[in-house]
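S.K.: This is the structure I have questions about; it appears just below.
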Amino acid sequence: MQKRMEFLVTVFIATLIGLSCIRVTFLWTYGFGSASAEPLISDLCAGLARGIRFDAKWTAIVFFPSLVALLIACVVSESLRNSLYRVSDGLAVFLAALLFLLSLINFGFFGFYGSPINSLIFGFVQDDTWAVIVSVVKDWPVVRYCLVLVCFVAVLCLARKKLIDRSEPDQKKAKLSRIKEVAFVVLGIVVCASLARGSFGTFPLRQTDLNATTDAFINQAVNNGAQAFYDAIKEQRQQDIGNNPLSGLRSLGFKTEDEARSFLTPHKLTCTSEMRLPNIVLVVMEAMGKDLFESHVPGVNDTLGAMAQALQTGDVFLNSLSIQNGTFPSLEGLLFNTPISPISQSRYGHRSFGFSSMREFQRAGYKTVFLTSGTSVWRNVDINFPRQGFDAIYGFECLKERYGKNIEAGTWGIPDEYMFRYAQELLKESEREGKPLFLVCLSTTNHPPYKTPTGYQVKPLSYEALPVWKTRDSKIARSIMETYQYASDSLGHFILDIPKETRGQTIIVATGDHNTRTIFEYPASSLLNHQFGVPLFFSVPKAWRPTNPDTRKWVGHFDVFPTLRELVLKKPARAFEGRNVYGTEDGFSLSFSYAVGGNGIAINEAGAVANLAHPQYFVRNGAHGRFVPTEKPTEGLLKLRREAAARMGLADARVRKDCLLKK
């Protein structure tokens, strides 16, 4: 028994060391080994110490089964005792390896999404699971992660062999009495219970304790995989929305909807001229991020292809944020203005949402179509979206039927050019029918695993032309740049190839669903506007374009439908919604994305605020307009947080009320 306890202590210490090694590697890879500023030594020490406490908490929790097995072994027969010993050893090694694996996953997840594990991880089962697996295997260093995990398990197995297998004869000579064995194990359980609580204060160690310092990045490094996954499960459960329609609003600090509205100013209608309904094409481009978009240099780093010329036909807003940080959450955020996602995949998805923006345009006389180069059954779009205001859903199944079953197919769909080819046909069909078309397109080619279609001639690209926070893996960067160029080129050709007469009757909006993954390593929270940045392009014919907009203003996905509603339907946005980007109202970029420990990011000229429920404030300072945290927010930042939280809370309440109160 004594040797078994010694083995558990050895595994415990080895696990703490292993998790700490991952944390140090995390700090070096994503923070101090990149272009971020040097941290304060005191902050670094505080973050590492707090991280060890979280590691000890979770290691103690997973050791309970092993200790229970040993406790039972103290009171059973000799034959059963040996079996329980092996169960105890096996559980200790398996669960320690599981903790280590979760932290490895958390390490890779942060590199891709820019945050510790959150509810986006459940896209593994909500999305096309096989496609996700293929993407991970092709684009993540899975073999390297597996080798690290195998080495960790090998160390634990060698420790067992040395402590137990080679000492069996000695154990038989020096047995403890049953009473002493029970006392020994009970003491171990008490120690583990104390470590699992993590604190001798009023409250146990919990999520709020992840904020060990004022450095947002170090606070994210405090997390380990188990804690992050546990918090992700809680976040996912919250998306069940419960039975209180105001729960989301109240979590942001407002008791009632009227209290939240009191911080907002009603939007004014600025476009009043009556015109016929134009066609509308909203293109949501896979991973069309801000940094690659801005890195375009003709003939040197041609990231945009034909899109560079197409930009001359409209207005480009570069100070823009995606509404969420994943494809489906962003798509739902755009179409439904919902902070809760997935909502159409939830148990409420069988209903027609009153908050669907598409329904307004459908009722106004539009033929509404959803078109993607991926499969139409992705995320049950083919079943759920017709209930939310779409007349027709087309995926690559339709495109292959139309253009040839032998079209080259990738993991997530067929090349985007075929989607845009069919979009042209739908516009022509709309002209023949005399009915305006509202077409929503979702591209897929610029998605891992990154591969351009066979025969595509890649234009010049330069890894050196990328911002300083680019990945050090130039090979993966090159593959991403190639698919980004192909997708942008396809979009550009689509816009340029629309006949002049049709283009004069068509509003085109194009944006990325989220920033480009993997190719950039964003240091801490100093580049929130880049980490969650996407370009927002509007091409509005003269008849509907009221004025030349200020394209330097802070806008985002949040403003897309309010702009279209005012330009086309002559309806002002609701107070909690975004605003018309062609208007003169001051505003800000708002994202519902997870950052710095919670949901919600808002940015304007005053600075930035993240985690709207427990706000962390940032001001600009240094190169590239980087953000640095401040504990003394200006009145402008406080006002930004109040308005952003009010809009997010009221949008949340609208969704919950519609789902919970509608019969």
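S.K.: Is it true that Ala287 is under 31 Å from the mean Cα position of the chain (by Cα), among the hydrophobic types (A, V, I, L, M, F, W, C), open to solvent by less than 60 Å² (accessible area, probe 1.4 Å) and modelled with pLDDT under 95?
M.R.: yes
S.K.: Taking helices (runs of 4 or more DSSP H) that fall entirely within the stretch 466-551, which contain at least 2 residues that are in contact (Cβ under 8 Å) with a residue 40 or more places away in the chain, open to solvent by 10 Å² or more (accessible area, probe 1.4 Å) and farther than 17 Å from Gly289 by Cβ?
M.R.: 474-497, 500-503
S.K.: Name the residues in the stretch 84-118 that are open to solvent by 50 Å² or more (accessible area, probe 1.4 Å) and more than 30 Å from Leu527 (Cα to Cα), would you?
M.R.: Arg86, Val87, Leu91, Phe94, Leu98
S.K.: For Asn599, state whether it is open to solvent by 10 Å² or more (accessible area, probe 1.4 Å), at pLDDT below 90 and under 19 Å from the mean Cα position of the chain (by Cα).
M.R.: yes
S.K.: Val628: open to solvent by 10 Å² or more (accessible area, probe 1.4 Å), closer than 15 Å to Leu640 by Cα, in contact with a Ser or Thr (Cβ under 9 Å, 6 or more places away or on another chain) and not small (Gly, Ala, Ser), yes or no?
M.R.: no
Conditions tested, residue by residue: (1) of a type outside the set (Ser, Thr, Tyr); (2) in a helix (DSSP H, G or I); (3) at pLDDT 75 or above; (4) within 30 Å of His447 (Cβ to Cβ).
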residue: Ile189; (1), (2), (3), (4): yes, yes, yes, no
residue: Ala196; (1), (2), (3), (4): yes, yes, yes, no
residue: Ser199; (1), (2), (3), (4): no, no, yes, no
residue: Thr213; (1), (2), (3), (4): no, no, no, no
residue: Glu235; (1), (2), (3), (4): yes, yes, no, yes
residue: Asn243; (1), (2), (3), (4): yes, no, yes, no
residue: His267; (1), (2), (3), (4): yes, no, yes, no
residue: Arg276; (1), (2), (3), (4): yes, no, yes, no
residue: Val281; (1), (2), (3), (4): yes, no, yes, yes
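S.K.: Looking only at the stretch 292-343, filter to residues that are of a type in the set (S, T, N, Q) and over 18 Å from His514 (Cβ atoms); which one of those is least open to solvent (accessible area, probe 1.4 Å)?
M.R.: Of everything passing the filter in the stretch 292-343, Asn301 is least open to solvent (accessible area, probe 1.4 Å).
S.K.: I would also like to ask the following. Could you run through the stretch 566-593 and say how many residues are within 21 Å of Pro278 (Cβ to Cβ), surrounded by fewer than 22 Cβ atoms within 10 Å (Cβ to Cβ) and basic (Lys, Arg)?
M.R.: Residues in the stretch 566-593 being within 21 Å of Pro278 (Cβ to Cβ), surrounded by fewer than 22 Cβ atoms within 10 Å (Cβ to Cβ) and basic (Lys, Arg): 2 in total.
S.K.: Follow-up question, since we're still on this one. For the stretch 393-408, which residues satisfy the criterion of being more than 16 Å from Gln424 (Cα to Cα), open to solvent by 50 Å² or more (accessible area, probe 1.4 Å) and either of a type in the set (A, V, I, L, M, F, W, C) or not in a loop (DSSP other than H, G, I, E, B) (or both)?
M.R.: Glu397, Glu401, listed by residue number.
The values are calculated or read from the model by the stated rules, or taken from the named source; none is laboratory data. As the structure is a computational prediction, the values presented were derived from the model and not from experiment. Quick reminder, even Gly has a Cβ in these numbers, built from the backbone with ideal geometry, and neighbours come from all protein chains shown. Just the protein is used for accessible areas: all its heavy atoms, side chains included, with ligands, DNA and RNA removed. Shrake-Rupley method; radii C 1.70, N 1.55, O 1.52, S 1.80 Å.
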